Amino acid sequence: MSTLRLEIVTPERKVYEEDVDMVVVKGVAGELGILPNHIPLATPLKIAPIKAKKGGKDEYVAVHGGFMEVRKDKVVILAEAAELGNDIDLIRARQAKERAERRLADKAANVDHKRAELALQRALSRISAAGGE
């Protein structure tokens, strides 16, 4: 079976670069599965984990927004921020989720609900990528 190269890049560094069998992402229009020789495509991504299927195993990377470009033999994800699932501190991610949920439950006018919602999405993505839920 052929593979494709997956690169996940942030403004600070290259987070992931491996040959994989399949890439699964959550685009703004829904979930996409990318196999080798996929048609060229570019799409914005949601805050959600990326799943890389490699040799019968799944690897996860928490991606916090960005864009994906698909070429015949390569997928490039340009992300605002990204973390390998194995590098995520699950306890800290759960604490961040709880903080965001408390802020969203607070109906006070001084709470930035959009910012709290984004913080909650990032925390949920990190927890999922780390295998916590």
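Just so it is clear, none of the values below were taken in a lab; they were calculated from the coordinates. The model shown is predicted, which means the values in this text are computed figures rather than measured ones. Cβ: placed from backbone, ideal geometry, glycine included. Neighbour counts: every protein chain shown.
Overview of results
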read-out: Hydrodynamic radius (Kirkwood) for the range 89-129, which is based on Cα pairs only, to one decimal in Å; value: 10.1 Å
read-out: Over the range 4-85, relative contact order from alpha-carbon pairs under 8 Å, at least 6 apart, %; value: 33 percent
read-out: Cα-based helix-to-principal-axis angle, 90-105 vs the chain, degrees rounded to 10; value: 50 degrees
read-out: Cα centroid separation, the range 67-115 to the range 3-58 (Å); value: 17 Å
read-out: Rg to Rh, two decimals, where the chain supplies the alpha carbon set and Rh follows Kirkwood; value: 1.02
read-out: Rh (Kirkwood; distinct C-alpha pairs) - the range 60-100, Å; value: 11.9 Å
read-out: Relative contact order of the range 89-129, defined on C-alpha pairs under 8 angstrom at six or more residues apart (%); value: 53 percent
read-out: Ellipsoid equivalent to the range 63-127 - semi-axes via the Cα gyration tensor, in Å; value: 29, 16, 6
read-out: With at most 10 other Cβ atoms within 10 Å, longest stretch of the chain clear of loop trypsin sites (Lys or Arg not before Pro) (DSSP); value: 14-71
read-out: Radius 12 Å from Cβ of Pro40, net charge of other residues (Lys, Arg +1; Asp, Glu -1); value: +1
